[in-house]
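Questions regarding the structure given below will be posed in turn.
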Amino acid sequence: MTCIVGIEHKDEVWIGADSAGTNGRMDQRIRADKKVFIKGEFIVGFCGSFRAGQLLTCNLDVPPQPEGVDDFTFLVNEFTAAVRKCLEPLKEDDPQSAHPNFLFGYRGKLYGVEGDYQISRSEDKFDSVGSGSDIAMGALHASRGQSVKGRILRALEASAKNNAAVRPPFHIMSLRKGEG
């Protein structure tokens, strides 16, 4: 349970995350390990299983995009296959955790991966996942036209104020197209 917020803006993707680790009994710890990271050309913010997030952070090995293949086709095929392979160890220990839910940026565009490994992309150029996502989406919608970092911070603050599973400190990172 968490809140991950992403915004696509001028060939740059910004992702922010809270720090709460909350289990099904609502026991909560503020985690030192972050839910947002940059790996090569990807910026990722994950929710749900910290083990899944740790595997993505440490073990995700995405092959290069083949020449002549558009970004979306690459993400649907090669990227998704790499995520599946990375999360394979979870199938035995915790099958539910093997169904990821995260936001990521690639080449200046914001995408999401849902539990069935579909690649999503919002026309709004912002998105949120986690238990506090509905609150964050409202804050993102209401703050159009304001600074990107400020919008993310306000969305996370609104989630923390109104959702018991979202807590600061908040971590916000960005990755520009061509970096990484």
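Would segment 61-83 turn up any residue that is small (G, A, S), part of a helix (DSSP H, G or I) and modelled with pLDDT under 95?
If we filter segment 61-83 for residues that are small (G, A, S), which is where we start, we get 68, 81-82.
Within this subset, residues satisfying the condition of being part of a helix (DSSP H, G or I) are 81-82.
Those still in the list that are modelled with pLDDT under 95 too: none.
No, that holds for no residue.
Scan segment 99-157 residue by residue and report those that are of a type in the set (D, E, K, R), assigned to a loop (DSSP other than H, G, I, E, B) and within 28 Å of D70 (Cβ to Cβ).
Passing the criteria: R107, E114, D116, R121, E123, D124, K125.
Going by the conditions given, is N101 in contact with a Gly (Cβ under 6 Å, 6 or more places away or on another chain) and at negative phi? Give the derivation first.
Values: in contact with a Gly (Cβ under 6 Å, 6 or more places away or on another chain): yes; at negative phi: yes.
Spelling it out, N101 is indeed in contact with a Gly (Cβ under 6 Å, 6 or more places away or on another chain) and at negative phi.
Where residues in segment 152-166 are more than 16 Å from the chain's Cα centre (by Cα) and surrounded by 15 or more Cβ atoms within 10 Å (Cβ to Cβ), which of them is modelled with the lowest pLDDT?
A165
A further question on this structure: Going through segment 21-51 one residue at a time, which ones are closer than 16 Å to R167 by Cα, under 10 Å from the mean Cα position of the chain (by Cα) and not in a loop (DSSP other than H, G, I, E, B)?
Passing the criteria: V36, G45, F46.
Would you check which residues across segment 44-63 are polar (S, T, N, Q) and under 18 Å from G16 (Cα atoms) and list them?
Answer for segment 44-63, where residues must be polar (S, T, N, Q) and under 18 Å from G16 (Cα atoms): S49, Q54, T57.
The values are calculated or read from the model by the stated rules, or taken from the named source; none is laboratory data. Remember, predicted model here, so these are calculated numbers, not experimental data. When we count neighbours, we look across all protein chains shown, and the Cβ atoms used for this are built from the backbone with ideal geometry, even at glycine.
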